[in-house]
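The values are calculated or read from the model by the stated rules, or taken from the named source; none is laboratory data. Keep in mind the model is a prediction, meaning the values are calculated, not measured. Quick reminder, even Gly has a Cβ in these numbers, built from the backbone with ideal geometry, and neighbours come from all protein chains shown.
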Amino acid sequence: MKKKLKQVAELENQEQESDFSAISSKLDIKEPTKRKMKDVHRDFKEGNIILQPEFQRDFIWTKNKQAELIKSIWRGIPLPMFYFSVERNGKFEVIDGQQRLTTIFGYISSQLIKDRRIRDKLIKKIKIKDENKNNISRDDIIKRVLEDTNIYCVEIPEVGLNTNDKFEIFRSLNLGATPLKFQEIRNAIFQKEIPHLNKSLKSGAQKIERLTGMKNFRMTFEDLVLRFYIINEKGYDKRVSDQLKNNVELKNIFTEEKIKTINSKFNRFINYMNKVFGRKSFQTLSKIKENKRLPDNKWEKHAFSAKINQGLFHLFSYYIPKYSKHRLNKKSDKKIREEFVKLLKNSRFLNLITGSGTDSTKNIKKSSSLFEKLFLNVCFGDWYKIDKRNIPRELKTTMIENVPFCYLCYGKLKRIEHIENFSDIHGEHIKSFKEGNKSTYRNILLAHKKCNSEKSAKRLEDYRKQDKSILKRKKNKQNIKEYIRCLKEWNTYYPLHAYKKLVKYAKRDKKL
Ligand SMILES: [Zn+2]
């Protein structure tokens, strides 16, 4: 039992993220400079080098590895380059070389390493044999050699790099031995660029840690929390991993305000999972013996995989927040668990969420539909029939502020402070709601209530042909230019479904 609690987070079917490609542009980075280790060490002593920036991984080198490094320096093997990011305040943060510098500085003078946990891991004494097989155990000799070693430092200016550039730098630096996981790189970037997002990912990760009783390993849980955010903000019709890659967009979406709302959603989600599934949340059954029919669907009778299944995590993340508390509590927890066990035994479903290709758009569609049909509908009912299609007011307000026009007649919408009743402004889903295209910024257009009811269920193409509609558009022709401008800008943040079509129509209407 104890062992299980200490289990390190492990994800089933974590997709390959090696296909990452950021937009490449030429970066303005100077040639490396040659420096003596003792000079770098002096900088460190004077507080000008941040060895363990908050975003960096812990010190993870074993004593053996530390000894090996020092021996190799002793033997005169040149060290790979060190990378520093030059902060606005002139201080240097170590981007690459943290483990090596910690080892070296720690060996030269461990009292300078402030963090006790790190200090305890450092090697203090070292034995090296010289060419005559004599032990060299005099640390002062070894230290002197270390201090006289030349190293090459690359300085990357913090100014002038955008988020994706930095991401790319971290990524390419870490193609080597112990590559950083993507979330670790993201963390490094977010720390500076979107600190509020980082903070809330961290606190979310702790909640998953408590929920599952697993130990968060290399930011696996921060990655999951971010997935929850993205799925709830942008929907779950595409590969989540693709969306995780666009840091510029993430920065635009996850404003402090947004984080607050989405975070409380996340908290409710975790509480719910805890209540019903507890530690076994997001796990598949450990092994289903073939040819052996499992006795029943009693939760307690089954062993679980002890791994978080990413596919399950996505599905729960997407659907659970859609239900009202009332709906979620309609059936007993016991009954819900039994239905869930039943679902886990469905081999079609199982194949879709385990193994390769689980993150393909096609599989997401299939697994979602089985999840709805076999599990959600049975336990909580049809969510899109039950839960109103109301577009959250928050979404409408943001849209009004940015694109204050009725997309059907180009008439200007009231300013927020003048709106008495938000239901006068109707939000329209560009792609149908029923088909799983949800109320997200990408999928909403605003219209006058009146315009919208005139259009009713007609296709936009057909409605536009009506005299009434043409007349209105003609009347508001002078707004079209501004409407297109707003739409264009909005689209850079939230690429709208059917954007091209909307612009095409609007441009055509200019000639009315
Ligand atoms: Zn209108």
Could you name every one of the helices (runs of 4 or more DSSP H) located completely within region 1-109 that has at least 1 residues being at pLDDT 70 or above and farther than 26 Å from Lys129 by Cα? 37-45, 98-108
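Just wondering, is there one or more residues in region 411-423 that are under 21 Å from Ile230 (Cα atoms), at pLDDT 80 or above, under 35 Å from the mean Cα position of the chain (by Cα) and within 16 Å of the ligand (Cβ to nearest atom)?
Here is the first cut: in region 411-423, the ones under 21 Å from Ile230 (Cα atoms) are none.
Checked against the condition, which is being under 21 Å from Ile230 (Cα atoms), at pLDDT 80 or above, under 35 Å from the mean Cα position of the chain (by Cα) and within 16 Å of the ligand (Cβ to nearest atom), region 411-423 yields no hits at all.
Specify which of the listed residues (Ile391, Ile353, Ile430, Ile400) is buried (at least 16 other Cβ atoms within 10 Å of the Cβ), modelled with pLDDT of 80 or more and more than 14 Å from the ligand (Cβ to nearest atom).
Values: Ile391 fails: modelled with pLDDT of 80 or more; Ile430 fails: modelled with pLDDT of 80 or more; Ile400 fails: more than 14 Å from the ligand (Cβ to nearest atom).
The unique qualifying residue is Ile353.
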Would a scan of region 325-340 turn up a residue that is touching a residue at least 24 places away in the same chain (Cβ under 8 Å) and either over 16 Å from Lys275 (Cα atoms) or among the polar types (S, T, N, Q) (or both)? no
Only one of (1) in contact (Cβ under 8 Å) with a residue 40 or more places away in the chain; (2) under 19 Å from Lys199 (Cα atoms) does not apply to Ser264, and that is (1)
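If a residue has to be assigned to a helix (DSSP H, G or I) and under 38 Å from the mean Cα position of the chain (by Cα) to count, how many in region 447-478 make the cut?
Filtering region 447-478 down to residues assigned to a helix (DSSP H, G or I) leaves 449-455, 460-465, 467-475, 477-478.
Next cut, under 38 Å from the mean Cα position of the chain (by Cα) only: 449, 452, 460-461.
Residues that pass the stated criteria total 4.
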Of everything in region 225-273, what is over 17 Å from Tyr441 (Cβ atoms) and part of a loop (DSSP other than H, G, I, E, B)? Give them in sequence order. Arg239, Lys245
Residues of region 489-509 being exposed (fewer than 13 other Cβ atoms within 10 Å of the Cβ) and either of a type in the set (D, E, K, R) or assigned to a helix (DSSP H, G or I) (or both), which ones? Glu489, Thr492, Lys500, Lys504, Lys507, Arg508
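What are the residues in region 323-353 that are small (Gly, Ala, Ser) and part of a helix (DSSP H, G or I), if any? Can you show your working first?
Residues of region 323-353 small (Gly, Ala, Ser): 324, 332, 347.
Ser347 - this is the single residue of region 323-353 that is small (Gly, Ala, Ser) and part of a helix (DSSP H, G or I).
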Lys500 - would you say it is modelled with pLDDT of 85 or more and farther than 25 Å from Lys234 by Cβ? no
Of the residues Leu244, Leu285, Leu211, Leu224, which single one is within 17 Å of Gln310 (Cα to Cα) and touching a His at 6+ places or on another chain (Cβ under 9 Å)? Leu285
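Output the residues belonging to region 440-459 that are basic (Lys, Arg) and within 16 Å of the ligand (Cβ to nearest atom). Spell out the reasoning first.
First, pick out the residues of region 440-459 that are basic (Lys, Arg): 442, 449-450, 455, 458-459.
Across region 440-459, the qualifying residues are Lys449, Lys450, Lys455, Lys458.
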